[in-house]
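Notes to accompany the following structure.
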Amino acid sequence: MQVSLDYKGTELHEYLLPIGALYLSSKESFLPEEYRRFRFLRSVLTLNAVISGVLFVICLMIGINNIITIQSVKTDIRDLLTKYRVFTAFVQSYNNSVQEAKALSPLRDFIQKEKRPSVSAVLKEVSGYSMNNIEIKAIDLSTQGDSISMRLSGRTDSRSHKEMLLSFNRLLSSIKRDSLMEPEIINKKFSVSDGSFDIDLRFRER
């Protein structure tokens, strides 16, 4: 690309020299000292504005994060207070229930005693069992809550082992069949050698 200048004269150098001086380094510049100081201060102020803007954005983000954290902590504290109040109410209700239960324990014991079958009724049941070839050695009774436990101990009065076993099984069948109180057979033990036996029963009110 060619540029032709029709102007001829020495005045052109007078314009080119100041214009060229604008692009010199700060040490080589022909600009006045005041103007160069102004440009330096303007650069410093521009840099400070950029740094201040970056710091402001960072501080703003930190502040927003702190606000969110504080709100989260406040929410957690409110939830803890609510749970504490609920737990306190539950403990109070439990303590009240315990006190009421203690106050009603005599009535409960009385009701259980009334519901429990009588010893005389249990002995009457035993007298109705089939005792063919059966000899009762001992009857042990004990009360447990609303029930009566009984151990019936004895032996079969038979000569052969077969007759001993048949007599014992007839007694078990009679307990299940002839008893009006329908006792629960907890345990049973029979010795074939001598025909002795132990039967553990539990009587409940039906």
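Could you tell me how many of the residues in region 124-171 are among the aliphatic types (A, V, I, L, M), over 15 Å from Arg202 (Cβ atoms) and surrounded by 13 or more Cβ atoms within 10 Å (Cβ to Cβ)? So that I can check it myself, show each step before the final result.
Residues of region 124-171 among the aliphatic types (A, V, I, L, M): 126, 131, 134, 136, 138-139, 141, 148, 150, 152, 164-166, 171.
Now narrow it down to the ones that are over 15 Å from Arg202 (Cβ atoms): 131, 134, 136, 138, 164-166, 171.
Now drop any that are not surrounded by 13 or more Cβ atoms within 10 Å (Cβ to Cβ), which leaves 131, 134, 136, 164-166, 171.
Going through region 124-171 one residue at a time, the tally reaches 7.
Taking region 172-186, which residues are open to solvent by 90 Å² or more (accessible area, probe 1.4 Å) and assigned to a helix (DSSP H, G or I)?
Listed by number, the residues that qualify are Lys176, Arg177.
When the residues of region 104-123 are filtered to those that are open to solvent by less than 50 Å² (accessible area, probe 1.4 Å) and not aliphatic (A, V, I, L, M), which remaining residue is modelled with the highest pLDDT? Give the steps one after another, and end with the answer.
At the first step, the residues of region 104-123 found to be open to solvent by less than 50 Å² (accessible area, probe 1.4 Å) are 105, 117, 121-122.
Add one more test, that the residue is not aliphatic (A, V, I, L, M), and what stays is 105, 117.
On the way: Ser105: 60, Pro117: 68.
Filtering first and then ranking leaves Pro117.
Within the bounds of region 154-169, is there any residue that is of a type outside the set (A, V, I, L, M), part of a strand (DSSP E or B) and without any contact (Cβ under 8 Å) to a residue 40 or more places away in the chain? Spell out the reasoning first.
Just the residues of region 154-169 that are of a type outside the set (A, V, I, L, M), to begin with: 154-163, 167-169.
Subsequent filtering for residues that are part of a strand (DSSP E or B) retains 154-156.
Now restrict to residues that are without any contact (Cβ under 8 Å) to a residue 40 or more places away in the chain: none.
No: zero hits.
Checking Thr88 against (1) within 29 Å of Asp198 (Cα to Cα); (2) modelled with pLDDT under 85: exactly one of these is not met. Which one?
(1)
The values are calculated or read from the model by the stated rules, or taken from the named source; none is laboratory data. Predicted model only: the values in this text are computed from it and were never measured. Cβ coordinates were reconstructed from backbone atoms using ideal geometry, including for glycine residues, and neighbour counts include every protein chain displayed. The area values use the complete protein model at the heavy-atom level, side chains included, leaving out ligands, DNA and RNA. Shrake-Rupley method; radii C 1.70, N 1.55, O 1.52, S 1.80 Å.
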